[in-house]
């Protein structure tokens, strides 16, 4: 790691620390994600191997943060693995807070449309390669201020999906962006969990605040059901057999426009539809104003 000079720590998560650094060879700024190897006998953690392998597939896409290299470091008898990324100066959450501060200062519609277009292109690229991201949220969406680019980052929870579906853990996706099937304990799920997160990000761009800011899994479900209605076997076959299903209050669905008052009608249609082909059609209309 002698080729890099750390400048400051810019983030820390479950799977490692992130530093802003200077590449002495090129003079460029980079981001170093440090993954400590706790037990060398067990080798590199599975989450790190998974993220590296997925990024090698996806980071050729302009809408994903680019992985430049993977480096080893041995210090004080401990081994660390560093992933070297292109440096992007902020994330979507900070961009919203700094560029248009305050709840009564909405983002321009064109900015929302541009970011949503880029996010959906990136997610489509991810899914077309058989990969779920599983942790889409504003903090994992990086924004290049100068170029107006949005890039998806942090594939530590990403994984390939197969047919027939494997059983997956439900301990994924930051709570506010977690799909109801995961909250209810489903062990089989697929790309719609990413689409749910995308919808939550979209609503947050329009509202300037999270759509479902729960502080527990139960409260998160109740927030969702209050707005969208309590599901039942008629509209969601099998829902009452899910592990975390209980007897919930019976709420009727409300218009999403009540919770997202600033969005255009075409944007409400997009938020209101969980069916992927329909989402693609409504997205086209929202972004481009045309239908097939």
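Consider the stretch 109-124 and keep the residues that are closer than 22 Å to residue 212 by Cα and either over 10 Å from the mean Cα position of the chain (by Cα) or not assigned by TED's automatic domain parsing to the domain that holds residue 192 (or both). The one that is surrounded by the fewest Cβ atoms within 10 Å (Cβ to Cβ) is 109. Taking the criterion of being more than 26 Å from residue 16 (Cβ to Cβ) and either at pLDDT 90 or above or not assigned by TED's automatic domain parsing to the domain that holds residue 180 (or both), the residues of the stretch 125-159 that qualify are 147, 148.
Within the stretch 207-231, how many residues turn out to be farther than 17 Å from residue 93 by Cβ and assigned to a helix (DSSP H, G or I)? Adding up the residues that qualify gives 12. Checking 234, 220, 250 one by one, the residue that is modelled with pLDDT of 90 or more, assigned by TED's automatic domain parsing to the domain that holds residue 105, over 25 Å from residue 108 (Cβ atoms) and under 19 Å from the mean Cα position of the chain (by Cα) is 220 and no other.
When residue 104 is evaluated against the numbered criteria (1) closer than 28 Å to residue 209 by Cα; (2) out of contact with any helix residue (DSSP H, G or I) (no Cβ under 9 Å at 6 or more places or on another chain); (3) outside any loop (DSSP other than H, G, I, E, B); (4) free of Cβ contacts under 8 Å to residues at least 12 places away in the same chain, which criterion, by number, is the only one it fails? For residue 104, the exception is condition (3).
Confirm whether residue 81 is surrounded by 15 or more Cβ atoms within 10 Å (Cβ to Cβ) and farther than 16 Å from residue 206 by Cα. For residue 81, the condition - surrounded by 15 or more Cβ atoms within 10 Å (Cβ to Cβ) and farther than 16 Å from residue 206 by Cα - is met.
Looking at the stretch 50-62 only, could you name the residues that are outside any helix (DSSP H, G or I) and touching a strand residue (DSSP E or B) at 6+ places or on another chain (Cβ under 6 Å)? Of everything in the stretch 50-62, just one residue is outside any helix (DSSP H, G or I) and touching a strand residue (DSSP E or B) at 6+ places or on another chain (Cβ under 6 Å), namely 59.
The conditions of being within 22 Å of residue 152 (Cβ to Cβ), in contact with a strand residue (DSSP E or B) (Cβ under 8 Å, 6 or more places away or on another chain) and touching a residue at least 24 places away in the same chain (Cβ under 8 Å) are met by residue 190.
Among the residues making up the stretch 64-78, those that are farther than 20 Å from residue 12 by Cβ and surrounded by 14 or more Cβ atoms within 10 Å (Cβ to Cβ) are 64, 66, 68.
The values are calculated or read from the model by the stated rules, or taken from the named source; none is laboratory data. Everything numeric here is computed off the predicted structure, so don't read it as measured data. In this analysis, Cβ positions are derived from the backbone assuming ideal geometry, glycine residues included, and neighbour counts consider all displayed protein chains.
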